[in-house]
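Engineer: For reference, the structure I am asking about is given below.
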Amino acid sequence: MSSETSRGEWYQGRGLWQHVPEDDWKNWGWQLKNRITTPAEIEKYFTLSPAEKRGCAFANKKLALAITPYFFNLIDFKDEDCPIRRQVIPRIEEMETSPEEMLDPCGEDGNMPVPGLVHRYPDRVLFLVTDRCAAYCRYCTRSRLVSNSQGYDFHPEFEQGIRYIESHPEVRDVLLSGGDPLLLADRKLDYLLGRLRAIDHLEFIRIGSRIPIFLPQRVTPELCEILTKYEPVWMSIHANHPKECTLEVKEACDRLARAGVPLGNQSVLLKGVNDDAETMKALVHRLLRMRVRPYYLYQCDLITGSAHLRADVLKGLEIIENLRGHTSGYAVPQFVIDAPGGGGKVPINPEYVKVVNDDEVVIRNYEGRMFRYSRHVGGVQPDPAEQPEQLPAGWILD
Ligand SMILES: *Cc1c(COP(=O)(O)O)cnc(C)c1O
Ligand code: SF4
């Protein structure tokens, strides 16, 4: 797998698209219009393996096949195990459902007070504003509705969602997602952000988008102007592998950062893509260089047909263990499991607190060395009557 010992160059290349005029290549409309959406188109560039070929034949019944030429160009055509290829080229394993898998693994549909708006946490909502993406990730947790291949018949409806937020003063944070909100036309996005910004109790607007990775050309100066107009708008991008951090992506992130948009990244732990510490370290280091703060590392949701892409939870813990303390704290994402059935995101951490008793806590550092930290304050032992009623699970109280 890719290793990065020095700063390394930012990949910039067009592979087999040299003949495309620069103006077209850099135009997001051109990139969308020229997406690769059929196995026949893929096979103009490389031969699909039998498992991929059969996967492609079924893909449109589950989640559409679509890849921007820009992102397709990052595939290593000679390598069936290419980490970019595994994310976007369907495989026949997608059509198999394991017993633990679900169509709505995070139980979102049961938490929708109005269609497209998930209100799970006390002070914030997830607002699904479109079912379209620039390209489709084969492990998408929302494949039941994204790309509308499964007859879910999702018609994002701004008005109801906006009215819900307007009438719920406890909502101080909205996360726009989908689908990919940045696929909306500037005019629509301007309208939506304007309506949200006009809500007095809404403090925080953020956008979850893989557009900066799939289609960095979409991050135009005009888009940045809109985001600045309604500041503060935060953004979480979605990069899984260091190869995705190209010069185009770096420049798109630069435009966003200069527009005042704080950037985070959400990765999904994927087997054969990023389930090793070395790859993940290369990714988070590249992200920091693009002014993107790694935010979450997700254990892959139990979405139907994802078994071939899911890695063991302990792999994720091992990766965090290999990051924390070993590299910049800013580079370490929080590893989470979005609880199956709908409990929200649960942080999963290596165990650093070994013992808690009336006198002290015993902790360990990244090297495994143990340390004691006294619980006495001003020489006085804490009153046992004032112990927190519920100690976090996993703590050993002796
Ligand atoms: C992820 C998510 C959020 C945002 O969670 P944070 O931990 O605040 O980033 C909000 N609502 C739903 C339903 C979510 O899945
Ligand atoms: S960009 Fe996000 S919503 Fe779209 S297919 Fe990928 S994971 Fe799903």
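Engineer: 5 Å is the cut-off here: which amide hydrogens, built 1.01 Å from N in the peptide plane, fall below it relative to Ala66, excluding neighbours closer than 5 in sequence?
Structural biologist: Tyr136
Engineer: Let me ask another. With the cut-off at 1.5 for a/c, could you classify the chain from its C-alpha gyration tensor as rounded, prolate or oblate?
Structural biologist: Prolate, since a/c reaches 1.5 and a/b exceeds b/c.
Engineer: Another question about this same structure. With every protein chain left in place and a probe of 1.4 Å, what is the accessible surface of Ile199, to the nearest 10 Å²?
Structural biologist: 10
Engineer: Amide H neighbours of Lys345 under 5 Å, counting only residues 5+ apart in sequence or on other chains, H built in-plane at 1.01 Å?
Structural biologist: Amide H neighbours of Lys345, under 5 Å, 5+ apart: Ala339.
Engineer: So between Glu231 and Asp153, what do we pick up on full extension, going 0.36 nm a residue minus the alpha carbon distance?
Structural biologist: Separation in residues times 0.36 nm, less the Cα-Cα distance, equals 24.8 nm.
Engineer: Follow-up question, since we're still on this one. In Å², what does the accessible area per residue of region 109-346 work out to with a 1.4 Å probe?
Structural biologist: Per residue, region 109-346 has an accessible area of 36 Å².
Engineer: Sort Val125, Val380 by heavy-atom solvent-accessible area, probe 1.4 angstrom, most to least.
Structural biologist: Val380, Val125
Engineer: Related question: Amide H to amide H, which residues 5 or more places from Phe335 or on other chains are under 5 Å from it, using H placed in the peptide plane?
Structural biologist: So Phe335 has HN proximity to Leu297, Ile348.
Engineer: Order the following by accessible area, largest value first: Trp17, Trp28. Probe radius 1.4 Å; ligands, DNA and RNA are ignored.
Structural biologist: So the residues, ranked largest to smallest area, are Trp28, Trp17.
Engineer: With springs connecting C-alpha atoms under 10 Å apart, model the chain as a Gaussian network and identify which of Pro212, Pro382, Pro232 has the largest mean-square fluctuation.
Structural biologist: In this elastic network of the chain, the residue with the biggest mean-square fluctuation among Pro212, Pro382, Pro232 is Pro382.
Engineer: Too long at a 22 Å Cα-Cα cut-off: which of Lys33/Lys188; Lys250/Lys271; Lys78/Lys243; Lys188/Lys229; Lys62/Lys243?
Structural biologist: Pairs exceeding 22 Å: Lys250/Lys271; Lys62/Lys243.
Engineer: Top to bottom by accessible area (1.4 Å), largest first, where do Trp10, Trp234 land?
Structural biologist: In descending accessible area the options line up as Trp234, Trp10.
Engineer: Each residue of region 101-118 in turn: what ³J(HN,Hα) in whole Hz from Karplus with 6.51, -1.76, 1.60 and θ = phi - 60°, glycine and Pro shown as x?
Structural biologist: Couplings: 8, 9, 7, 10, x, 9, x, 6, 4, x, 10, 9, x, 10, x, x, 10, 9 Hz.
The values are calculated or read from the model by the stated rules, or taken from the named source; none is laboratory data. Keep in mind that this is a model prediction, so the values were computed, not measured. With ligands, DNA and RNA removed, areas are computed over all heavy atoms of the protein, side chains included. Shrake-Rupley method; radii C 1.70, N 1.55, O 1.52, S 1.80 Å.
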